[in-house]
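What follows is a single structure, written as structure tokens, with notes after it.
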Amino acid sequence: MLTDTEDREAADCTLVIPAYNEEKRIQSLLKDLSDFRGEIIFVCDGTDATPAFIAAFAADHPSLSIRCLTFSARLGKGGGVVAGLREASTRYVGYMDADGSTSLAEMERLFDRLADVDGAIGSRWLPGSVMTVRQGLRRRAESRLFNLAVRLLFGLDYRDTQCGAKVFRREALEAVLPSVRSTGFEFDVELLWRLAQSGCRVEEVPITWENRDESKVGTADAKEMLSGMIRLRFG
């Protein structure tokens, strides 16, 4: 049983989940979130029935704190995350992918690390990580090349900047979000770079992660991420 202190700390967490046209897989994620005691903010900027599924789930689970922000125009991955982060008022704030690659238990484990650091990010490439379903060879190669580019351009020594599982102290985010310009998938890199520049300590943590075949990040997105990082670094 949780102590009063543990329960209060758990309730002082917000999860932001960008959900662009996720009606085909949002239901399994919603079931996983049914025991979360903090606030959940979904950011929906698509054209399908994702908001309706979220609303129905929230109505069936009145004990949960669920908000769904809807936008008629596409925000991008980074834009969606920022929109949700700006709405959070709890002491600890994190974001995760809507595809369910990371479980709620793993996100709660990351939140626990914030007792000692300003941020904690999941990593699929550290010793101790578990990938229950692995990415294909091409995706793994692209990931390693992207990580090399991140190290060369920004001097960040993280092994996995793109894992969709990150949590932070809200005051650390508030110090850097006004400077963040990226709205695409390169957002994660810029956020970590801004945090490093501000002197924040962000820890990389091995994580249990399951690859989803329906990933929306394609080769074209990877090229746009790279060009976006170059513009950010030298623009």
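The values are calculated or read from the model by the stated rules, or taken from the named source; none is laboratory data. On a predicted model such as this, the values are computed, not experimentally measured, just so you know. Every residue, glycine among them, receives a Cβ derived from its backbone with ideal geometry; neighbour counts consider all protein chains shown. Surface accessibility is based on the protein's heavy atoms, side chains included, excluding ligands, DNA and RNA. Shrake-Rupley method; radii C 1.70, N 1.55, O 1.52, S 1.80 Å.
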Item to check | Fully extended contour minus Cα-Cα distance, from Gln27 to Glu174, at 0.36 nm per residue | outcome: 49.8 nm
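Report in % the part of the accessible area of the chain that belongs to carbon and sulfur, leaving out ligands and nucleic acids; probe 1.4 Å. Walk me through the numbers before you get to the answer.
Details: 5700 of 11280 Å².
That share works out to 51 percent.
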Checklist outcome for this item: Env charge @ Tyr158, Cβ radius under 9 Å, K,R +1 / D,E -1, value -1
Checklist entry - To the nearest 0.05, what FRET efficiency results for Ser227 and Asp35 with a Förster distance of 41 Å applied to their C-beta separation? => result 0.50
Checklist entry - Looking at (1) 47, 39, 36; (2) 67, 31, 26; (3) 43, 36, 30, which value of Cα extents along the principal axes in Å comes from a calculation on the structure shown? => result (1)
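Remind me, relative contact order of the chain in percent, using alpha carbon pairs under 8 angstrom and six or more residues apart? Intermediate values should be presented prior to the final figure.
Details: 405 pairs, mean separation 52.4, N = 235.
Averaging sequence separation for qualifying contacts and normalising by length gives 22 percent for the chain.
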Checklist entry - Spin-label point model (7 Å from Cα, Cβ direction): what's the Ala59 to Arg181 distance in nm? => result 4.4
Checklist outcome for this item: Taking 0.36 nm per residue of separation between Ser89 and Thr47 and subtracting their Cα-Cα distance, the length gained on full extension comes to 12.3 nm
Checklist entry - Label-point separation (nm) for Asp116 and Arg74, each offset 7 Å from Cα along Cα-to-Cβ? => result 4.2
Next on the checklist: Using a 1.4 Å probe on the protein heavy atoms only, what accessible surface does Glu9 show? Give it in Å² to the nearest 10.
Outcome noted: 100
Checklist entry - In what sequence, highest mean first, do 20-26, 89-95, 136-142 appear when ranked by Cβ atoms within 10 angstrom? => result 89-95, 20-26, 136-142
